[in-house]
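Chemist: Mind having a look at this structure? Questions to follow.
The values are calculated or read from the model by the stated rules, or taken from the named source; none is laboratory data. Owing to the predicted nature of the structure, the values given are computational and were not obtained by experimental measurement. As a convention, Cβ positions derive from the backbone with ideal geometry for all residues, glycine included, and neighbour counts pool all protein chains shown. Surface areas here come from the heavy atoms of the whole protein model, side chains and all, with no ligands, DNA or RNA. Shrake-Rupley method; radii C 1.70, N 1.55, O 1.52, S 1.80 Å.
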Amino acid sequence: HPSAVNLHNSPSLICTAKHTRGHHGNVQPFSDEDASIETLSHCSSFSDTTSVADEGGEASEDTAQEDFQYKLKGFIDSTVDKSAKTRQGALDGLKTAMATRILYEFISERRMTITDSIERCLKKGKGEEQRAAASLACLLCIQLGSGIESEEVFKTLKPIFKNILADGSANIQARQAVATSLGLCTLVAEDDILDVQATMECFENLFTRSYARMDGTCPSINPQTSQLHTNSLLSWALLLTICTPNQLKDILHLPKLPRLLESEDVNMRIAAGETIALLFELARDVDSDFEFDDWDALCDKLNALATDCNKHRAKTDKRKQRSVFRDILKAVEEGDFQSEAIRFGTERMTIDSWVRKRTYDAFREFVGSGMNYHLQANEFIRDVFELGPPMLVDSATMKAMKISRFERHLHNSAAFKARTKARSKFRDKRVDVGEF
């Protein structure tokens, strides 16, 4: 995705939105069924047009694309509807489309309109609507990639995110969603490393409230608040991955973090363990002779969680916890990581570090089952994981992957644009080498 935006296009966005709304004003833009994941998912959103596209060639493919864009315009218009249920359906429809498609050009032209809708839903909506709007903000940034366009979106939404996160009277589900979305949006779109630190402090103000007291007792926290603290910790850990070595030295919280391992919440214990493993990995990258003062006590605690037999805990929780903490213990003791291969299309990627795992998990939380598709075709995500420009898909590969001609057309279109952009950057000596 271009890292710079043609700013003279921006004023026309409002006119475009008005024209679209007027043109489709008397048409029901979507139904609940249309908004469902089944209808708009990567696997089946074009199930009703695939056979036509295969038979009818380019004309049918163009028609399918027009129909899809018409539906998306309906969703965008409906985010300002008076009915909360209609707004919710529209947000969910846009979320599913962005999670399972590469829609850069369509979204780039309408990004200010979509941002305004997200802002309105965050400020005036209730819990579920705010939650959907926060997730949509993340998906918008993922689609736009790292650059001026996503920075503009984030500058508008960041103050609202921070207000909701810090407001103890705000809906708890909204705060949970914002804790996760603010982390990933910061990773993608924040242009100032000092602002990254300030956002990390916002997360610290929350998850440190779950620390066990010095006498070993845990604060009384309800499950919903514990989830908020867990989400904040995971976002804090995500932002650790982009900190400079000097910043890492300043914010190493290893002496205090193990207190979270005492939590009654299995998800918080696991998040804390994985964050500790991540911190050890980063600390050893900065200083190969890194040593931790309470090494023995920490290893004993991690070993206890890896072999937990506490009768008061659910079997599923214990099974899940033991598996994760065996890997965490190896990471702390030996600097080891259990590698995992991710296959997508004809390619594969190895998750070979805690940094890469935290980053992969953060993106997957938003794009879900569309993750493999984004790994194939989303230039920004491919940059993050150092996969190079998207690969072109030939007809034989297309048949093996069981994708339609229309989807292949979309994928190859993205690949061509990415390659052209890469070549242009290579030829343009004015480009900043460290831009990404």
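Chemist: Could you tell me whether any residue of segment 190-210 is in a helix (DSSP H, G or I) and either touching a residue at least 60 places away in the same chain (Cβ under 8 Å) or aromatic (Phe, Trp, Tyr) (or both)?
Modeler: Yes, some residue in segment 190-210 is in a helix (DSSP H, G or I) and either touching a residue at least 60 places away in the same chain (Cβ under 8 Å) or aromatic (Phe, Trp, Tyr) (or both).
Chemist: Kindly indicate whether any position in segment 214-221 is touching an Asp or Glu at 6+ places or on another chain (Cβ under 6 Å), of a type outside the set (A, V, I, L, M) and in a loop (DSSP other than H, G, I, E, B).
Modeler: yes
Chemist: Here is a list of conditions, (1) under 28 Å from Phe325 (Cα atoms); (2) modelled with pLDDT under 95, and Asp192 meets all of them except one; can you say which number that is?
Modeler: (1)
Chemist: Tell me which of these Asp250 doesn't satisfy, since it passes every other one: (1) assigned by the TED database to the domain that holds Thr113; (2) of a type in the set (D, E, K, R); (3) free of Cβ contacts under 8 Å to residues at least 12 places away in the same chain.
Modeler: So the condition that Asp250 fails would be (1).
Results for (1) in the same structural domain as Gln376 (by the TED database); (2) crowded, with 23+ Cβ neighbours inside 10 Å; (3) closer than 13 Å to Cys185 by Cα; (4) without any contact (Cβ under 8 Å) to a residue 24 or more places away in the chain, shown as yes or no for each residue.
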{"site": "Leu91", "(1), (2), (3), (4)": "no, yes, no, no"}
{"site": "Glu128", "(1), (2), (3), (4)": "no, no, no, no"}
{"site": "Arg131", "(1), (2), (3), (4)": "no, yes, no, no"}
{"site": "Cys141", "(1), (2), (3), (4)": "no, yes, yes, no"}
{"site": "Gly147", "(1), (2), (3), (4)": "no, no, yes, no"}
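Chemist: Still on this structure: Of all residues in segment 296-337 being among the polar types (S, T, N, Q) and either modelled with pLDDT under 90 or more than 16 Å from Ile276 (Cα to Cα) (or both), which is farthest from the chain's Cα centre (by Cα)?
Modeler: Within segment 296-337, the match that is farthest from the chain's Cα centre (by Cα) is Asn310.
Chemist: Have a look at Arg343, Arg348, Arg382 and point out the one that is at pLDDT 90 or above, more than 21 Å from Leu282 (Cβ to Cβ), of a type in the set (D, E, K, R) and open to solvent by less than 30 Å² (accessible area, probe 1.4 Å).
Modeler: Criteria check complete, one pass: Arg382.
Chemist: Which of the residues belonging to segment 61-70 are open to solvent by 50 Å² or more (accessible area, probe 1.4 Å) and either among the acidic types (Asp, Glu) or touching a residue at least 40 places away in the same chain (Cβ under 8 Å) (or both)?
Modeler: Asp62, Gln65, Glu66, Asp67, Tyr70
Chemist: Taking only segment 198-240 into account, find how many residues are among the polar types (S, T, N, Q), under 19 Å from the mean Cα position of the chain (by Cα) and open to solvent by less than 50 Å² (accessible area, probe 1.4 Å).
Modeler: 5
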